Amino acid sequence: MVPAARSAAGLINTTGDWPMKPTASTLEYQRFDPASCGFPRPFAPLLPAFRWSALSLGGGDAPDPALFEGPGVRHFSRGRYALHEAYRSAGVGPAGALLAPAYHCRTMMDPALALGGAVRFYDIGSDLTPDLDSIRALLAAPGVAARALVLPHYFGVEQPAALVDQLAALCAAHGMALVEDCSHAWQLAARRAPAARTQAGRAVVASPYKFFACEDGGVLWSAAVPSSPPASSGMLDELRALKRAWERSRLARQAGPPLPLPQAGRLEFGTVVAESGALPSPLYERACEQQASLGLSRWVMRRTRLTPLIRRRREHYQQWNAAVAGLRGARALFPELAPDCVPYMFPLEINMPNPSFFLLKQAGLPIWRWDDMAVSGSEVAARYRTHLLHLPCHQDLTREQMRWMTSLVAEVLA
Ligand SMILES: Cc1ncc(COP(=O)(O)O)c(C=O)c1O
């Protein structure tokens, strides 16, 4: 990293890959750096935490075992490494670009950058659907041909079927693979996987640890999956993961007194860093590209009872919906929950990140926000980078945690 240069507006400029010259893969980023904020540890878990009662040890009500084995399925330690394999087999690399949505997290693009591929961003609507005209414009532009398009089903909400069909036809016409990113949508991945296992040019990727209470996991279903399985974890790694699962499970249920709301005038707003580079982010480890998920994780996935998990996620989502209805400072991005949707998180658009986001974080609310993002020219992505909060609705939140989180949000965003 080069020494940072601070502008009068508090924006810091650095160059990630300095002193390399910009290449076709070089991207510009805006990254929120919370270091000076001193945010406390979240007061409730962002992801599911292990409970024996979530398991079906007799096997009933668990996912279909065929999802996990046989031709066309491969297990990785995270979804990002499953994406790496999907992009690689589609031809993403120095001679093949990736088309990715303007609203994204770094781990969706990291695998393409690791392959030496350029990433081009297509625009999205305010409902996060892909803009087909912007995709057509990218395909018509000069430069390296695109070899894959990644389409996320954000927050577990399925992209409209007609749009997916149109995209699939567009991809087929241009010799591009359509990679459906179901990292937020395990149940949708389960529905899509059988077709992806046999159809050329299609791939489905999931992140099981966002859905089940397991320590890691990334799954790729694709006809192009090579037969050699990634390396398995050793016994020591399995034991460490068991300890971590136990620790996370203990912390998830620990409830101390909630933190008081800080005074708005005393908040520290952190820094926005402008950087550029062509390398993957620190969240991506090349050494993990061939690493399989833990045996422990696969054991949990295969045995988790789906009915209560799905019911609780949907109930929690609706609790959020009810809590934010009528708030002046925020609105639910997807207030309708389709009957077959199993949500990953509750997306909430806020009007004024300063101070609302900072007040909520200082009060210990568990929040994710994609505030480290490539600059693409999309107004929607630029707004959602700071205004869209991802709030947990998973199955392992307790009634008290849900009550505390929803009333805190209602108070701050009234
Ligand atoms: C939409 C999306 N795709 C891909 C990923 C990468 O998944 P993983 O964390 O399993 O590597 C994430 C991570 O949060 C994600 O949100």
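The values are calculated or read from the model by the stated rules, or taken from the named source; none is laboratory data. The structure displayed is predicted, hence computed values, not measured ones. Heads up, the Cβs are rebuilt from the backbone with ideal geometry, glycines too, and the neighbour counts pull from every protein chain shown. Protein only, heavy atoms only, side chains kept; ligands, DNA and RNA dropped before computing areas. Shrake-Rupley method; radii C 1.70, N 1.55, O 1.52, S 1.80 Å.
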Checking residue 401 against (1) touching a residue at least 40 places away in the same chain (Cβ under 8 Å); (2) assigned to a helix (DSSP H, G or I); (3) open to solvent by 30 Å² or more (accessible area, probe 1.4 Å), only one condition comes out false. Which one? (3)
How about region 263-301: which of its residues are of a type in the set (Lys, Arg) and buried (at least 17 other Cβ atoms within 10 Å of the Cβ)? 298
Taking helices (runs of 4 or more DSSP H) that do not extend beyond region 272-387, which have at least 2 residues that are in contact with a Pro (Cβ under 6 Å, 6 or more places away or on another chain) and closer than 20 Å to residue 208 by Cα? 306-324
Just one of the numbered conditions (1) open to solvent by 10 Å² or more (accessible area, probe 1.4 Å); (2) in contact (Cβ under 8 Å) with a residue 60 or more places away in the chain; (3) closer than 17 Å to residue 87 by Cβ is not true of residue 125; which one? (3)
Condition first: assigned to a loop (DSSP other than H, G, I, E, B) and either touching a helix residue (DSSP H, G or I) at 6+ places or on another chain (Cβ under 6 Å) or within 9 Å of the ligand (Cβ to nearest atom) (or both). Now tell me which residues in region 117-128 satisfy that. 123, 126, 128
Identify all residues within region 1-45 that are basic (Lys, Arg) and modelled with pLDDT of 50 or more; write none if there are none. 21, 31, 41
Residue ID - farthest from the ligand (Cβ to nearest atom), chosen from residues in region 64-116 that are in a loop (DSSP other than H, G, I, E, B), under 17 Å from residue 151 (Cβ atoms) and not β-branched (Val, Ile, Thr): 102
Hey, any hits in region 90-101 for a residue that's β-branched (Val, Ile, Thr) and surrounded by fewer than 22 Cβ atoms within 10 Å (Cβ to Cβ)? no
Qualifying residues in region 144-165 (those that are surrounded by 24 or more Cβ atoms within 10 Å (Cβ to Cβ) and part of a helix (DSSP H, G or I)) - the one nearest to the ligand (Cβ to nearest atom): 154
Being surrounded by fewer than 20 Cβ atoms within 10 Å (Cβ to Cβ) and either within 16 Å of residue 77 (Cα to Cα) or over 23 Å from the mean Cα position of the chain (by Cα) (or both) is the filter here, so list the residues in region 309-327 that pass it. 322, 325, 326, 327
Take the residues in region 190-222 that are crowded, with 23+ Cβ neighbours inside 10 Å and polar (S, T, N, Q), then tell me which one is nearest to residue 80 (Cα to Cα). 207
What is the one condition in (1) under 30 Å from residue 88 (Cα atoms); (2) open to solvent by 10 Å² or more (accessible area, probe 1.4 Å); (3) hydrophobic (A, V, I, L, M, F, W, C) that residue 359 does not satisfy? (1)
Are any residues in region 107-121 open to solvent by 20 Å² or more (accessible area, probe 1.4 Å) and either more than 12 Å from residue 285 (Cα to Cα) or without any contact (Cβ under 8 Å) to a residue 40 or more places away in the chain (or both), and if so, which ones? 115, 116, 120, 121
Suppose the filter is open to solvent by 60 Å² or more (accessible area, probe 1.4 Å) and either in contact with a helix residue (DSSP H, G or I) (Cβ under 9 Å, 6 or more places away or on another chain) or on the phi < 0 side of the Ramachandran plot (or both); does residue 349 pass it? no
When you go through (1) touching a Cys at 6+ places or on another chain (Cβ under 6 Å); (2) surrounded by fewer than 18 Cβ atoms within 10 Å (Cβ to Cβ) one by one for residue 77, which number turns out not to apply? (2)
Kindly indicate whether any position in region 171-189 is within 16 Å of the ligand (Cβ to nearest atom), open to solvent by 20 Å² or more (accessible area, probe 1.4 Å), within 30 Å of residue 312 (Cβ to Cβ) and touching a Leu at 6+ places or on another chain (Cβ under 7 Å). no
Pairing a residue in region 282-299 that is among the hydrophobic types (A, V, I, L, M, F, W, C) with any residue that is surrounded by fewer than 15 Cβ atoms within 10 Å (Cβ to Cβ) and part of a loop (DSSP other than H, G, I, E, B), where Cβ atoms lie under 9 Å and the two sit 6 or more apart in sequence or on different chains, gives 292/229; 292/232; 294/232
Residues being open to solvent by 50 Å² or more (accessible area, probe 1.4 Å) and under 22 Å from residue 249 (Cβ atoms): count how many of those fall in region 29-42. 1
